[in-house]
1. Looking at (1) of a type outside the set (A, V, I, L, M); (2) more than 20 Å from I26 (Cα to Cα); (3) free of Cβ contacts under 8 Å to residues at least 40 places away in the same chain, which one does Q90 not meet, given that it meets all the others?
2. Taking F91 and the conditions (1) assigned to a loop (DSSP other than H, G, I, E, B); (2) open to solvent by less than 70 Å² (accessible area, probe 1.4 Å); (3) not small (G, A, S), which numbered condition does it fall short on, given that it satisfies the others?
3. Which one is farthest from F91 (Cα to Cα) among residues in segment 6-60 that are open to solvent by 50 Å² or more (accessible area, probe 1.4 Å) and among the hydrophobic types (A, V, I, L, M, F, W, C)?
4. Take S146 and tell me if it is open to solvent by 30 Å² or more (accessible area, probe 1.4 Å), in a loop (DSSP other than H, G, I, E, B) and modelled with pLDDT under 95.
5. Can you tell me which residues in segment 20-30 are modelled with pLDDT under 95 and not hydrophobic (A, V, I, L, M, F, W, C)?
6. When segment 66-83 is examined, which residues are found to be without any contact (Cβ under 8 Å) to a residue 40 or more places away in the chain and in a strand (DSSP E or B)?
7. Take segment 105-123 and flag every residue that is under 19 Å from S63 (Cα atoms) and free of Cβ contacts under 8 Å to residues at least 60 places away in the same chain.
8. Determine which member of the set S63, S102, S126 is open to solvent by 50 Å² or more (accessible area, probe 1.4 Å), out of contact with any helix residue (DSSP H, G or I) (no Cβ under 8 Å at 6 or more places or on another chain), in contact (Cβ under 8 Å) with a residue 12 or more places away in the chain and in a strand (DSSP E or B).
Amino acid sequence: MKLATIDNLKEVMEIFKQHKEYFPHIRQDYVTRKIVANNTIFQDNVVITFSLYKKDVKLGNLSVPKGQTMLHQIAAGTQGNGSASKVLKQFLEYAGTNVWLSVRENNERARAFYLMHNFQEMGKISWLNGTLPGVIYRWERNPFMSVMTT
C-alpha cells in the first residue's frame with residue numbers, strides 16, 4: 001500500500017472535489033491530519049482515509065469494538081476502470097482487522113460496490129439531525145486469510 005504524503009495533498013483534494021456530492025464535508029485540514037497520521041492511502045488515483053479504533057465506538061445503532069478499522073472515505077479519480085476495487089482489496093489485507101464503514105442510504109453505486117466486495121449490511125446511521133439516512137457495513141476478516149511464513 002502506498003501511503004499519501006503531504007506532496008499528494010493537492011491531488012487527493014482534487015479527487016474529493018470530483019465527488020463533492022458525496023463528500024461535501026471534506027476539508028483540506030482534515031485530509032492533512034489524516035495524511036500526517038499515516039491514515040491515508042493514495043494509490044492508482046484512488047484515495048482511502050481510515051482509522052484504527054483505540055476504544056469501543058458507537059456507530060449509529062451499533063458498537064464497534066476497539067482494534068477495528070474504520071474506512072472513512074474511498075474515492076477514485078477515474079470511475080469504472082477497476083482501480084478502486086484493486087486498491088480496496090489491497091487495503092482490506094493491509095488493515096489486518098475487520099473493516100467498518102458507513103455510506104449514505106441513497107448512494108446506490110457505493111452500496112453495490114461494497115456488497116460486491118463482501119461487506120455485509122450491519123446497521124443504520126444518520127447525519128444532519130436524522131435527515132440524512134445511512135447504512136453501516138462491515139467486512140469481516142477471515143482469521144485464516146493470511147498465510148504465515150517462516
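1. (3)
2. All conditions pass for F91, except number (1).
3. Only one residue fits best here, namely I6.
4. yes
5. The answer is K20, E21, Y22, P24, H25.
6. T69, M70, L71, H72, I74
7. F119, Q120, E121
8. Going through S63, S102, S126 in turn, the sole match is S126.
The values are calculated or read from the model by the stated rules, or taken from the named source; none is laboratory data. No experiment lies behind these values; they were computed from the predicted model shown. Neighbour counts are summed over all protein chains in view; Cβ atoms, including those assigned to glycine, are modelled from backbone coordinates with ideal geometry. Side chains included, ligands, DNA and RNA excluded: accessible areas come from the protein's heavy atoms. Shrake-Rupley method; radii C 1.70, N 1.55, O 1.52, S 1.80 Å.
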